[in-house]
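Take a look at the structure below.
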Amino acid sequence: MELAGAVILFLVFCISCLFLISAWKAMGNRGNLPPGPTPLPIVGNIFQVKTGDMVNSLMKLSKKYGPVFTVYLGSRRVVVLCGYEAVKEALVDQGEAFSGRGELPTFNKVTQDFGVVFSNGERWKQLRQFSLKALRNLGMGKKSLEERIQEEAQCLVEKLRKTNELPFDPTCILCQAVCKVMCTILFGNQLNCEDKEFLARVRMIDENFQLMSSFWGQLYDIFPNIAKYLPGPHNRIFTCFEKLAEFVAKRVELNQETLDPNYPRDFVDYFLIRMEQEKQNPSCEINIKDLVITALSVFFGGTETIGTTLRYGLLILLKHPDIEGKMHEEIDRVIGRNRSPSMEDRSKMPYTDAVIHELQRYINLLPLNICRAVIQDTHFRGYTIPRGTNVFPMLTSVLRDNTQFSKPDSFNPGHFLDENGGFKKSDASMPFSAGKRICLGEGLARIQLFLYLTTILQNFTLKCLLDPKDIDLTPKASGFGNIPHSYQLSVVSR
Ligand code: HEM
């Protein structure tokens, strides 16, 4: 018996060794892939790409291997692109080849490959076209939507006034304002935004963005097949996403029940009508799950990105009161104190415009971008990247590229001003990414950032409990997103 046991153990050992060696060989067989550190079986480049510090580890590796290199996150092969030139060449010059969406396991557990953000192929093309058309019909870039945001900006001012110049954490107030606008776009005006369930969902959006960017979120994104068995805060991500998906699915059902095809009220209505029109079209691949997941992605993606940019932005302005002062001066001169800021004002406000561009550059909200994939075998800078390979077109390396910005690590609105104080564009300013999958909400985000920030500063001066020199602008977590440290501020009426 003992001998039989030893033989079995020996066989298991031999088979495991063979498996590990063949896995190692397969990973080591680079073909004509870009260079990179040698991976270990199963855990890949665990010693080079540090969980919890993915962004910095990848930037360090680019110093050794150059602007295009390969790493293994567990057993997933990822080609990393660094610097404006490499990212632009891939996403813009070879836009079609790099237009696939790669994996983001923390999201994929809920979305699978449904919805506009994570679908691929013909289904993605149709979803993107559907979504853009619906947003345009709803007035993206038109006066009606601008008026809705102006109205919300005034509500925000009222709420800020009620703080009576006492210190508060701005996270919820800002997130709520943005979320209300996103809800009007997606679900019309029927939603009661003071409702407890709605407010709980708003908190979940922020909580999830923080969790996804934390050590645990990164651990799950690198080793989903191991992390799914581990207890830990990452499991909360899926509870929150499921609750958010339930909330959105309920709203979609309500829209279905009350739909009048002649009077579409919101994004969901436009989508439902288009789905009905395409019912007989055999090449239409879109179904109700695509609508729910698209609405969930826009609800989550739209709210959290703008909310965090505003929160981080106010913290940066607290550290730079001189810059806030110059914005006050421009707002007073161009808009005055007696009317609401509007998008027409922006072209007359080069300083404010430059500050907002610089805020987005410096905050660098999604440093890794959202993972892409190549949709065919792709020749790139002398290498061959096999079809389906995941790609990180690192936005951090573009927004902090020292060939494009004179002082990339400092906050300096001068990056976007010419010698006469006029606004100066920069091709490397791509917080919304570039190419065929460029952020669908760029226009909407730019309107909201401009209107909220100018309306806040038209009415208030920002005050902090700390001395500006003690304010820490480094992110408290940097993974999927860059998350600012928690802080309190007070707003003093002007
Ligand atoms: C400050 C605000 C925002 C930032 C920094 C931002 C950034 C990004 C980035 C970097 C991507 C990935 C693009 C790529 O794959 O190359 C993206 C995709 C996307 N964003 Fe945004 N975003 C913002 C606001 C919004 C808003 C308000 C919406 C809602 C309409 C939105 C909807 C989307 C969608 C649907 C995609 C997926 C597009 C696709 O795969 O075709 N985003 N965003």
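The chymotrypsin sites (Phe, Trp or Tyr not before Pro) of the range 229-302 that DSSP puts in a loop, and whose beta carbon has at most 16 other beta carbons within 10 Å, are 229. Comparing Cα centroids, the range 461-494 and the range 247-266 end up 39 angstrom apart.
Do you know the relative contact order of the chain, to the nearest whole percent, from alpha carbon pairs under 8 angstrom that are 6+ apart? Relative contact order here is 24 percent. Which of the trypsin sites (Lys or Arg not before Pro) found in the range 191-233 are in a DSSP loop and have at most 15 neighbouring Cβ atoms, other than their own, within 10 Å? For trypsin sites (Lys or Arg not before Pro) across the range 191-233 that sit outside H, G, I, E and B with at most 15 neighbouring Cβ atoms in 10 Å, the list reads 228.
In this simple spin-label model, placing a label point 7 Å from the Cα along the Cα-to-Cβ direction at both residue 338 and residue 492 gives a separation of 2.6 nm.
Screening the chain for whole DSSP H helices with an alpha carbon extent of at least 18 angstrom along the helix axis and a mean Kyte-Doolittle hydropathy of at least 1.6 yields 2-28, 171-187.
Using the Cβ-Cβ distance between residue 169 and residue 195 with R0 = 25 Å, the FRET efficiency computed as 1/(1 + (r/R0)^6) comes to roughly 0.70.
The relative contact order of the range 228-368 comes to 19 percent, based on Cα pairs under 8 Å that sit 6 or more residues apart.
Under the classification rounded if a/c is under 1.5, otherwise prolate if a/b is larger than b/c and oblate if not, where does the range 83-157 fall, given a ≥ b ≥ c as square roots of the Cα gyration tensor eigenvalues? Since a/c reaches 1.5 and a/b is larger than b/c, the shape of the range 83-157 is classed as prolate.
These residues, 476, 64, go from largest to smallest accessible area, 1.4 Å probe, as 64, 476. With a threshold of 21 Å on the Cα-Cα distance, the over-threshold entries among 319/463; 50/88; 63/436; 159/180; 196/250 are 50/88; 63/436.
So if we plug the beta-carbon distance of residue 348 and residue 253 into 1/(1 + (r/R0)^6) with R0 = 56 Å, what FRET efficiency do we get, rounded to 0.05? After rounding to 0.05, the efficiency reads 0.75. What the Cβ-Cβ distance of residue 147 and residue 420 gives, at R0 = 35 Å and to the nearest 0.05, is a FRET efficiency of 0.60. For residue 62, the accessible area of its heavy atoms, probed at 1.4 Å with every protein chain present, is near 20 square angstrom. Against the criterion of solvent-accessible heavy-atom surface with a 1.4 angstrom probe, 161, 387, 446 sort, most first, into 387, 161, 446. Per residue, the chain exposes an accessible area of 44 Å² to a 1.4 Å probe, with every protein chain left in place.
Regarding the chain, what is the average projected area of its C-alpha convex hull, in nm²? Before the final figure, lay out the partial values.
Numbers: hull surface 111.7 nm².
About 27.9 nm², averaged over all directions.
Share of carbon and sulfur in the accessible area of the chain stands at 56%, probe radius 1.4 Å.
Can you tell me, using C-alpha contacts under 8 Å and at least 6 residues apart, the relative contact order of the range 448-494 as a whole percent?
Values: 39 pairs, mean separation 21.6, N = 47.
With pairs under 8 Å counted, the relative contact order is 46 percent.
Placing a pseudo-label 7 Å from each Cα along the Cα-to-Cβ vector at residue 242 and residue 154 gives an inter-label distance of 4.3 nm. Within the range 239-303, the trypsin sites (Lys or Arg not before Pro) that combine a DSSP coil assignment with at most 16 other C-beta atoms in a 10 angstrom radius are 279.
The values are calculated or read from the model by the stated rules, or taken from the named source; none is laboratory data. Being a predicted model, the structure only gives us computed values, none of them experimental. Every residue, glycine among them, receives a Cβ derived from its backbone with ideal geometry; neighbour counts consider all protein chains shown. Calculation scope for accessible area: heavy atoms of the full protein, side chains included, ligands and nucleic acids excluded. Shrake-Rupley method; radii C 1.70, N 1.55, O 1.52, S 1.80 Å.
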